[in-house]
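To keep things clear, I will list the structure first and then write my remarks on it.
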Amino acid sequence: MIGRIVASALACLAALAPAGWAGDWDAVLAEARGQTVYWHAWGGDPKINAFIDWVGEQAEARHGVTLQQVKLADTTDAVARVLAEKQAGRTEGGAVDLIWINGENFAAMKARGLLSAPFAESLPNWRFVHVTGKPAVVTDFTEPTGGLESPWAMAQLVFEYDSARLAGPPRTLDALLDWIRANPGRFTYPQPPDYLGTTFLKQVLIGLAEDPAVLQKPVDPASYDRITAPLWQWLDAATPHLWREGRAYPANEPALGQLLADGEVAIAFAFNPGRASAAIAAGELADSVRTFVLEGGTIGNASFVAIPFNAAHEAGAKVIANLLLDPGVQARAQDPAVLGFQTVLDLDALPEADRARFQALDLGVATLGPAELGPALLEPHASWMDRIAEDWTRRYGTAR
């Protein structure tokens, strides 16, 4: 009798377990042990680099996998390397094992067959991912991920300001333009094609578009000028009043954040809702800095890792991808004192002890609660990012 009960219970557990889990995963762990995974990831933020180092320590201690970050200035460098290897006929033993990737680079690698077989939804920790509540974890810039990449952080554009100097920040694009005109030199954005700078352009484009739904489709050359006209009109009006009169721009998010810290600009922005709190905790920003979002919502998306088709250490890369979904790792990433990233997990799906890790976090004085963040607007199709970045460079571009 007891044997039948145990067998029945095991059968139920097997039915609940995600595909690819259990035995197959043991084989992955065995193959991965002793491998060195080369993770090509943007290296422009010391906090993120330190977090990746910590993940590497966990991978070594738990699974015997060595993690080596290859710090990139631009993700396209890794994509170009994989593409060059494919064109050279190098179908295995590639130099890139794992890429921190998003949007247009994912779409490009998917279209050119540069990615490994789907793996994400077979990872043991996938069962904790909040697929229904955070649809961006399976849709990247309107492109279905199909398990070809695994999410590891959620992001949403938030604006940052010093509440000691600015009592009521502008919460619409019209109000922001009026404020920029009235406060010359106090606002700027990273120079496209920097990711954050281009995100700001997309935010303005969505906010001013007559029908934002058209941005979910590839650029139509026949309607491009009409749809983007409000964006260029807004920028034409704002540019003469920007920091350094629009003749120079910060290179990236850290550079923009430093301008806010130095008091050179009064409003900045970031794609990490917890960045300001993390910077305050680190003593890098005044403790009077707060965040806000625009009425109607701001752009949100997920960060992913993907494995190239010819990765030399595919098993090790899967172990790292799964480790990044570990509740303890996700909770550390959400800690404002570490990164302040938003989790991709469904807290209700976690065991109580893991859920308690998140509940114990003090998100910080500058981090908006989920209800205050408002809607996370979908990213436009990746083709819009390319086109408006090119046009911005032609219209306003300056030498870096």
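The values are calculated or read from the model by the stated rules, or taken from the named source; none is laboratory data. Fair warning: this is a prediction, and the values are worked out from it, not measured in the lab. Here the Cβ positions follow ideal geometry from the backbone for every residue, glycine too, while neighbour counts run over all protein chains shown. The protein model used for the area step is the full one, side chains on, heavy atoms only, and it has no ligands, DNA or RNA in it. Shrake-Rupley method; radii C 1.70, N 1.55, O 1.52, S 1.80 Å.
Apply the a/c threshold of 1.5 to the C-alpha gyration tensor of region 29-77 and tell me whether it is rounded, prolate or oblate. Walk me through the numbers before you get to the answer.
Values: a/c = 4.23, a/b = 1.73, b/c = 2.45.
The shape class here is oblate.
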Worksheet entry | Per principal axis, descending, Cα span of region 78-157 in whole Å | 42, 29, 17
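Under the definition of Cα pairs under 8 Å and six or more residues apart, what whole-number percent is the relative contact order of region 260-400? If you can, show how the numbers build up before the last one.
Numbers: 136 pairs, mean separation 49.0, N = 141.
Relative contact order, region 260-400: 35 percent.
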Practice prompt. Mind pulling the per residue volume of the convex hull built on the Cα atoms of the chain? Å³ is fine.
Written response: 149 Å³
Discussion item. Cross-link candidates for Lys318: which lysines have Cα within less than 30 Å, leaving aside residues fewer than 8 places away along the same chain?
Written reply: Lys47, Lys71, Lys86, Lys110, Lys134
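By the gyration tensor of its Cα atoms, with a ≥ b ≥ c the square roots of the eigenvalues, what is the shape of region 129-282: rounded for a/c under 1.5, prolate for a/b over b/c, or oblate? The partial results should precede the final answer.
Working: a/c = 2.06, a/b = 1.22, b/c = 1.69.
It comes out oblate by the Cα gyration axes.
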Discussion item. Tell me the carbon and sulfur percent of the accessible area for the chain, rounded to whole percent, probe radius 1.4 Å.
Written reply: 53 percent
Worksheet, complete the sentence: Non-local residues with an amide H under 5 Å from the amide H of Val70, with H modelled 1.01 Å from N and Pro and chain starts lacking one, are Trp39, His40, Ala41
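Give the shape of region 65-120 as rounded, prolate or oblate, defined through the alpha-carbon gyration tensor: a ≥ b ≥ c are the square roots of its eigenvalues, a/c under 1.5 means rounded, and otherwise the shape is prolate if a/b is larger than b/c and oblate if not. Display every interim value, and only then the final one.
Details: a/c = 1.25, a/b = 1.10, b/c = 1.13.
Verdict is rounded for region 65-120.
Find the accessible area per residue for the chain; the probe is 1.4 Å, ligands and nucleic acids are left out, and the unit is Å².
Values: 17140 Å² over 400 residues.
Value returned for the chain: 43 Å² of accessible area per residue.
Rounded to two decimals, what is Rg over Rh for region 19-175 when you use alpha-carbon atoms and the Kirkwood radius? Could the numbers behind the result be given before it?
Numbers: Rg = 18.7 Å, Rh = 18.2 Å.
Rounded to two decimals, Rg/Rh equals 1.03.
How do the peptides 234-243, 209-218 rank, highest first, by the average count of neighbouring beta carbon atoms within 10 Å per residue?
Numbers: 234-243: 16.8, 209-218: 13.1.
With the highest mean Cβ count within 10 Å placed first, the list reads 234-243, 209-218.
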Worksheet item: In 10 Å bins starting at 0, how do the alpha-carbon pair distances of region 166-227 split up by percent?
Response: 18, 41, 31, 9, 0
Discussion item. With θ taken as phi - 60° and the coefficients 6.51, -1.76 and 1.60, list the Karplus ³J(HN,Hα) couplings across region 30-38 in order, rounded to whole Hz; mark glycine and proline as x.
Written reply: 5, 5, 6, 4, x, 7, 10, 9, 9
Worksheet item: R0 = 30 Å: FRET efficiency of Ala282 with Gln359, Cβ-based, nearest 0.05?
Response: 0.80
Fill in: For region 180-277: relative contact order, % (alpha-carbon pairs under 8 angstrom, 6 or more apart)
44 percent
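On full extension of the chain, what length is gained from Ala175 through Arg127, given 0.36 nm per residue of separation minus the C-alpha to C-alpha distance?
That works out to 13.0 nm of additional length.
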Item to complete: Would you calculate the separation in nanometres between label points at Asp45 and Asp74, each defined as 7 Å from the Cα along the Cα-to-beta-carbon direction?
Response: 2.0 nm
Discussion item. To the nearest 20 Debye, how big is the dipole of the chain about its Cα centre, given +1 on the beta carbon of each Lys and Arg and -1 on that of each Asp and Glu?
Written reply: 200 debye
Worksheet item: How big is the Cα convex hull of region 190-257 in projection, averaged over all directions, in nm²?
Response: 5.1 nm²
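Nearest-5 percent of antiparallel DSSP beta bridges in the chain? Kindly include the intermediate steps, with their values, before the conclusion.
Working: 23 of 36 bridges.
Rounded to the nearest five, the antiparallel share is 65 percent.
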Discussion item. At R0 = 35 Å, how high is the FRET efficiency between Gln258 and Ala27 if r is their beta carbon distance? Nearest 0.05 is fine.
Written reply: 0.15
